[in-house]
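Quick notes on the structure that follows.
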Amino acid sequence: MNIIAFDTASDTFALGLAVETGKPDEEKRYYLEISGGGRHSELIMDGADTLLRMAGLKKEELGGAACMEGPGSFTGLRIGFAAAKGIALALGIPLIAIPTLDCMAESLSFWPGIVLPVMDAKKNAFFTALYRRGERIGDFADIDAQNLALLVKKAAPSPSLLITGPAAPLVFPELAAVFPQTASDPAYQRAHPGELLNLAIKKCILVEGKLLDSEKEPHSPDSGPLYLRKSDAELHKQNG
């Protein structure tokens, strides 16, 4: 299946394209990463067109559109969903949304201990989840740094901890003071279009045939981003 993927959950956004070659278990990959500086909405569709031209592929040949489900930037997630959903609806193909933190941890399954992807949730808090050997253990969390250390300790009292994600430098000092065997992923800032494609392809294989037919599927055309927290506008309205 030819799948286009939109990673718009953070300041650096990226696009990926997986193209079938006609040979079993073989495909070509194309990537484009842009430090958009808040210009995601301006650049995203031009980026998609660029990838398709690079691959010599027509939009009508796409078989799926993937995006980051969240958590992440409110605006970024909406832009990614809008792009993927628009393509999916226009072409009648599956919309495949994958949790952002799952993508961040996916390539680090080799780590023998706990992998901790972290995103800055502002207000001295972080979006995170714990992973072991590529599998998420526990729920997604919106948590402050002090309670984050308690969350890790509950999962593993003396873990070998690998921190990744754009907020890694913000939590590393405090966690390293508590857990001596703590390392920081040197590529913590990068986008994750490859991992998004990998997990989207796995997801598509698992639910192939249902995404198009069932409105009850979690990633139907009516679904939206996973935010974990209400926006400031929603909170202001609620408290006003």
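Only one of these conditions is not met by TYR188: (1) touching a residue at least 24 places away in the same chain (Cβ under 8 Å); (2) within 21 Å of LEU228 (Cβ to Cβ); (3) not in a loop (DSSP other than H, G, I, E, B). Which number is it? Every condition holds for TYR188 apart from (3). So in the stretch 37-95, with the set limited to residues that are of a type in the set (Val, Ile, Thr) and free of Cβ contacts under 8 Å to residues at least 60 places away in the same chain, which one is farthest from ILE4 (Cα to Cα)? Selected residue: THR75.
Per the listing ILE79, ILE96, ILE87, the residue uniquely under 24 Å from TYR227 (Cβ atoms) and assigned to a strand (DSSP E or B) is ILE96.
Can you tell me which of ALA90, ALA84, ALA149 is small (Gly, Ala, Ser), in contact with a Phe, Trp or Tyr (Cβ under 9 Å, 6 or more places away or on another chain) and assigned by TED's automatic domain parsing to the domain that holds LYS203?
On the way: ALA90 fails: in contact with a Phe, Trp or Tyr (Cβ under 9 Å, 6 or more places away or on another chain); ALA149 fails: assigned by TED's automatic domain parsing to the domain that holds LYS203.
One residue alone meets the criteria, ALA84.
Tally up the residues in the stretch 37-76 that are among the small types (Gly, Ala, Ser) and within 19 Å of TYR227 (Cβ to Cβ), please. Working first, answer last.
The first filter runs over the stretch 37-76 and keeps only residues among the small types (Gly, Ala, Ser), leaving 37-38, 41, 47-48, 55-56, 63-66, 70, 72-73, 76.
Narrowing the set further to residues that are within 19 Å of TYR227 (Cβ to Cβ) leaves 38, 41, 66, 70, 72-73, 76.
Summing the residues that are among the small types (Gly, Ala, Ser) and within 19 Å of TYR227 (Cβ to Cβ) in the stretch 37-76 gives 7.
Scanning the stretch 58-104 for residues that are basic (Lys, Arg) and in contact with a helix residue (DSSP H, G or I) (Cβ under 8 Å, 6 or more places away or on another chain), we see that the one that is surrounded by the most Cβ atoms within 10 Å (Cβ to Cβ) is LYS59. Look through the stretch 30-53, keep the residues that are outside any strand (DSSP E or B) and among the polar types (S, T, N, Q), and return whichever of them is modelled with the lowest pLDDT. Filtering first and then ranking leaves SER41. Residues that are closer than 13 Å to ASN198 by Cα and either assigned to a strand (DSSP E or B) or outside the structural domain of THR50 (by TED's automatic domain parsing) (or both) within the stretch 16-29 comprise GLY16, LEU17, ALA18, VAL19, GLU27, LYS28, ARG29, listed in sequence order. So for the stretch 110-132 (the condition being modelled with pLDDT under 95, on the phi < 0 side of the Ramachandran plot and of a type in the set (Val, Ile, Thr)), does at least one residue qualify? No: the stretch 110-132 contains no residue that is modelled with pLDDT under 95, on the phi < 0 side of the Ramachandran plot and of a type in the set (Val, Ile, Thr). The lone criterion from (1) outside the structural domain of ASN147 (by TED's automatic domain parsing); (2) over 16 Å from the mean Cα position of the chain (by Cα); (3) within 30 Å of ASP144 (Cβ to Cβ); (4) aliphatic (A, V, I, L, M) left unmet by MET68 is number (2).
Say we look at the stretch 119-139 and pick out the residues that are of a type in the set (A, V, I, L, M, F, W, C) and closer than 15 Å to GLU106 by Cα; which of these is surrounded by the fewest Cβ atoms within 10 Å (Cβ to Cβ)? Spell out the reasoning first.
Here is the first cut: in the stretch 119-139, the ones of a type in the set (A, V, I, L, M, F, W, C) are 119, 121, 125-127, 129-130, 137.
Pick out the ones that are also closer than 15 Å to GLU106 by Cα and you get 129-130, 137.
Working: ALA129: 22, LEU130: 25, ILE137: 13.
Applying the filter and picking the extreme gives ILE137.
The values are calculated or read from the model by the stated rules, or taken from the named source; none is laboratory data. Note that the coordinates shown come from a computational prediction; the quantities given were computed from them, not determined experimentally. Please note: Cβ atoms are built from the backbone with ideal geometry, for glycine as well, and neighbour counts cover all protein chains shown.
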